[in-house]
Amino acid sequence: MFGAIALLCAGALQDPVPPVQERLLVAAESADQVYELIFDGKALAIENVIEVGYQATEIEGPHGLTVAPDGRHWYVSMAHGKPNGLLYKYATGTNQLVGETELGLFPATMQISRDTGFLYCVNFDLHGDMTPSSVSVVDVEGMFELEQIVTGSMPHGSRLSADGSRHFSCAMMSDELIEVDAVSMEVVRRLALTDGTGRPTGGGDHGEAEGEESTDADAAPAVHSAICKPTWVQPHPTLPVAFVALNGAHQVVEVDLGTWEIKRRFPTGRAPYNLDVTADGKRLVITYKGAQSVGVIDIASGEEVARIPTSRRIPHGVVLTPDSRFAFISCEDKGATPGSVDAIDLGTLKRVSTVDVGLQAGGIALFPPAARPHLNR
């Protein structure tokens with residue numbers, strides 16, 4: 001008996017490592033499916049496959065994914081419409097469709113503001129000439145579009161500041177970073193992004209020098225002369241800076257949100273596409289769409305500390321766990337090769353698990369801790 005008590009006491013004195021239990025969603029754009037995955041700290045596994053869309057004979061292209069801050073619902077943008085795309089709303093746990101609304105041309109990435117409660121989705125618009133497109137603002141309670149804010153050509157990487165008061169996106173074909181006031185729904189600043197060589201960007205008649213603010217925030221350029229091709233922006237969780245992936249220049253730039261200037265440049269692997277910042281604010285994790293790898297950059301030094309090969313040829317999206325321990329990467333491939341999701345341990349800087357999903361895995365989202373009570377319905 002005394003031996004049993006001693007063992008119990010010894011166990012109580014140990015400092016157990018809490019089990020990792022993460023759930024995430026990934027969209028298979030060429031399969032009209034959303035995969036719900038679970039990760040236990042060692043391996044990824046498929047929990048559910050949700051068929052999305054309403055046209056049985058057409059690929060509708062689920063592209064962007066996001067989960068509400070309270071975790072009760074998740075949302076997916078359907079890129080290929082007739083011509084406009086759709087936004088679908090699902091209940092967390094049951095994965096039942098509970099609402100939908102029409103957006104613009106090729107709706108893509110999105111987030112919900114903690115400040116306004118509205119959802120902001122970029123309308124990427126792959127159709128026809130590279131004219132300025134927009135950001136849709138959606139009331140997710142009633143599921144109706146409130147506004148389309150005209151921004152720039154092929155807006156991409158819809159991200160919000162930590163407090164939800166500012167919305168940022170990149171105009172891929174006019175080389176701009178665009179800031180929107182999430183409350184007034186107006187463009188408040190534009191920044192001409194450059195590759196550091198002094199070559200003109202797609203700002204057309206703006207003519208700004210490197211990092212110089214445009215004097216007319218509402219004037220969306222119509223000239224298609226992109227060089228940098230920015231594809232993603234991510235504000236830092238605590239500092240007044242944002243990081244922008246310059247897909248065409250093989251760089252990430254750090255933008256000072258106070259002075260609205262490019263502060264630093266980080267060389268990257270070929271074609272950086274999406275990126276995220278760890279919750280502790282120490283690292284950037286970047287998908288290199290042209291290098292079949294993921295880069296990890298130490299923000300303080302600006303040095304790339306690891307380049308980790310991915311399981312498929314075209315890494316796409318990235319999300320990070322709230323404890324900064326793991327990164328999840330969605331990967332596309334070519335032809336009939338299925339997509340995949342990789343789990344990367346940010347401590348060992350190694351890929352620890354991979355699971356195959358549907359064709360053209362792209363959009364990816366992590367359920368927040370608030371969603372856990374709703375996942376066990």
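No value in this document is a laboratory result; all are computed from the given coordinates. All values reported here derive from a predicted model rather than from experimental measurement. FYI the Cβ positions are ideal-geometry reconstructions off the backbone, even for glycines, and counts take in every protein chain you see.
General remarks:
- One equal scatterer on each Cα of the chain, no solvent, Debye formula: the resulting log10 I(q)/I(0) at q = 0.08, 0.10 Å⁻¹ is -0.38, -0.59.
- Alpha-carbon centroids, the range 168-186 and the range 44-123: separation in whole Å: 21 Å
- Listing Asp163, Asp129 from fewest to most neighbouring C-beta atoms within 10 Å gives Asp129, Asp163.
- Antiparallel bridges, percent of DSSP beta bridges restricted to the chain (to nearest 5): 100 percent
- Estimated D of the range 32-145 in µm² per second, where Rh is the Kirkwood radius over Cα pairs and Stokes-Einstein applies at 10 °C, 1.306 mPa s: 108 µm²/s
- Counting other Cβ atoms within 10 Å as a rough exposure proxy, the listed residues Cys170, Cys228 run Cys228, Cys170 from fewest neighbours to most.
- Look at Leu320, Leu87 and count the other Cβ atoms within 10 Å of each Cβ; fewest to most, that gives Leu320, Leu87.
- In this structure, the amide hydrogen of Ser353, modeled 1.01 Å from its nitrogen in the peptide plane, lies closer than 5 angstrom to those of Ala343, counting only residues at least 5 positions away or on a different chain.
- Under a 5 Å amide H cut-off, with hydrogens placed 1.01 Å from N, Glu147 pairs with Val137 among residues at least 5 apart or on other chains.
- Candidate cross-link partners of Lys334 among the aspartates and glutamates, defined by an alpha-carbon separation under 20 Å and a same-chain spacing of 8 or more, comprise Glu29, Asp32, Glu58, Glu60, Asp342, Asp356.
- Lysines with Cα under 24 Å of Lys263, excluding same-chain neighbours fewer than 8 positions away: Lys229, Lys282
- With K and R counted +1 and D and E -1, the other residues having a Cβ less than 15 Å from that of Met172 yield a net charge of -1.
- The range 256-353, relative contact order [Cα under 8 Å, separation at least 6], %: 19 percent
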